[in-house]
Amino acid sequence: MVTFHQLMELDAHALETFADRWNAIHRKINEARTEFHDGVVQKLHQDHWQGEAGQRAQVFCDRVQMDIDALDKEVRGLRDFIDTEVDGAKGTGGTKGLEALQRQAREIQQEALEQGMTVSADGRIEFCVIDDPDDPEVHENYEQHQSTADRLQERLNKVLGQATEEDEWLAKSLKVVFGTAHNFESENRKFDIEEPDAKDRKVRNQLNNVGAYFATVKGWPTAAGLIQHYLDCSGKTVEVEPQTMMDQIPAFQTDVDQTLRKDVHGRPDGPFTTEWKSTAPNPEDGDSSTEWYYALNHFQYRLTGYVHNGEVTYRVEVKKRYDWGIPSEHRANATGGWGPASMNLEQADIAHLNTVGMGRDFDVVGTSDEITSCA
């Protein structure tokens, strides 16, 4: 819980200074990347080092360069995160939100001082009035002070509660941006290239428990099946039924209908293929949407077909890369009250299972039967 003292002492501009300093780091990484590429990678490839040793050297250096690029993406992502999300442009109020709450807290403190009251470091409104129950005027004065203090306390509690929510959001978001030494990954998502450790085994067990909970308690076979497929490590493509998805995900059906209206109806006769677009289930639409939210969250779709005399015959195609967010992608963590073992799993920790061979990324695809629509 954020205290009154902490909120009053907050230097909200410090993060902006922090972002400026990361710009300098970004420049240094770029310089190091250029030197490594020109001085090592490029020469290694140009010299055509033959044999297994040469190939290993090239692969290793290519991976190092990819890791440098990923580190730079981390730095740029952190800078952009502070410039956009932390200042309140996205997410919750960010530092601008905290600044506003800080101003409100100061106003409450000033009102309290004008009433002869003080605010303690932990946020309690305090005052001192001698209450003499035998003196009605003094007693009434005490009750008035107490009523004023209660109103100020209620306002201050609300401000501190909001500040706590903002602080927790910033802490979680920065952790997603930075990642950890254990789960830092580059864009090179190679499978089974490191040995698992105790943390990986723990994460795998937690994710396996989530899948079991989805299957046995929630009755969500799709969400459970995709988790199990990830943990089985086959990497095989999984096929889904777009028509079933449209039936069970109202938001997806709405997006498809909108694409038909805006991008297909009114076209001249002939074949067509729309651009890939993103869609996602809304958990508020019911249990089936909630399952698909935990199964795939966002996924891509497009329509392919042909138009003849105003009639549209089309198929719906969907695709999704079933992987988990690495720090440079800044995806939010996987959270949920999943049975007795409520947990907050770092997406990057789950993604790391692919690196150590305890989970494996795979593709999810599907194509519906033909559907006919009239303009």
Within the range 279-293, can you find the residues that are open to solvent by 70 Å² or more (accessible area, probe 1.4 Å) and under 17 Å from the mean Cα position of the chain (by Cα)? TYR293
Yes/no for GLY225 being open to solvent by less than 60 Å² (accessible area, probe 1.4 Å) and under 30 Å from VAL75 (Cα atoms): no
Please state which of the following conditions ARG155 fails to meet, knowing it meets all the rest: (1) open to solvent by 90 Å² or more (accessible area, probe 1.4 Å); (2) farther than 29 Å from GLU99 by Cβ; (3) modelled with pLDDT of 90 or more; (4) of a type in the set (D, E, K, R). (2)
What number of residues within the range 99-114 are touching a residue at least 24 places away in the same chain (Cβ under 8 Å) and open to solvent by 90 Å² or more (accessible area, probe 1.4 Å)? 1
Report every pair of residues separated by at least 6 positions or lying on different chains whose Cβ atoms are under 7 Å apart, first residue within the range 189-200 and under 13 Å from CYS233 (Cβ atoms), second open to solvent by 70 Å² or more (accessible area, probe 1.4 Å) and at pLDDT 85 or above. PHE191/ARG360
Do you know which residues across the range 202-211 are open to solvent by less than 50 Å² (accessible area, probe 1.4 Å) and free of Cβ contacts under 8 Å to residues at least 40 places away in the same chain? GLY211
Return yes when GLN228 is out of contact with any strand residue (DSSP E or B) (no Cβ under 6 Å at 6 or more places or on another chain), within 22 Å of THR273 (Cα to Cα) and not aliphatic (A, V, I, L, M) and no when it is not. no
Among the residues listed as GLU187, GLU140, the single one being at pLDDT below 85, closer than 30 Å to VAL365 by Cβ and open to solvent by 20 Å² or more (accessible area, probe 1.4 Å): GLU187
Exactly one condition in (1) modelled with pLDDT of 65 or more; (2) within 21 Å of ALA171 (Cα to Cα); (3) open to solvent by less than 40 Å² (accessible area, probe 1.4 Å) is not met by GLY93; state its number. (1)
Residues (open to solvent by less than 50 Å² (accessible area, probe 1.4 Å), in contact with an Asp or Glu (Cβ under 8 Å, 6 or more places away or on another chain), within 27 Å of GLU166 (Cα to Cα) and modelled with pLDDT of 85 or more) located in the range 1-59: VAL2, THR3, PHE4
Which one of these is in contact with a helix residue (DSSP H, G or I) (Cβ under 7 Å, 6 or more places away or on another chain) and not small (Gly, Ala, Ser): LEU260, LEU303, LEU296? LEU303
How do the strands (runs of 3 or more DSSP E) wholly within the range 297-364 filter down when requiring 1 or more residues that are modelled with pLDDT under 85: which remain? 334-336, 343-345
For the range 68-87, which positions are open to solvent by less than 60 Å² (accessible area, probe 1.4 Å), modelled with pLDDT under 75 and assigned to a helix (DSSP H, G or I)? ALA70, GLU74, GLY77, LEU78, ARG79, PHE81, ILE82, THR84, GLU85, VAL86
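The values are calculated or read from the model by the stated rules, or taken from the named source; none is laboratory data. Just so it is clear, the structure is predicted and the values come from calculations on it, not from any experiment. Using ideal geometry, Cβ is built from the backbone for each residue, glycine included, and neighbour counts are taken over all protein chains shown. For accessibility, only protein heavy atoms count, side chains too; no ligands or nucleic acids. Shrake-Rupley method; radii C 1.70, N 1.55, O 1.52, S 1.80 Å.
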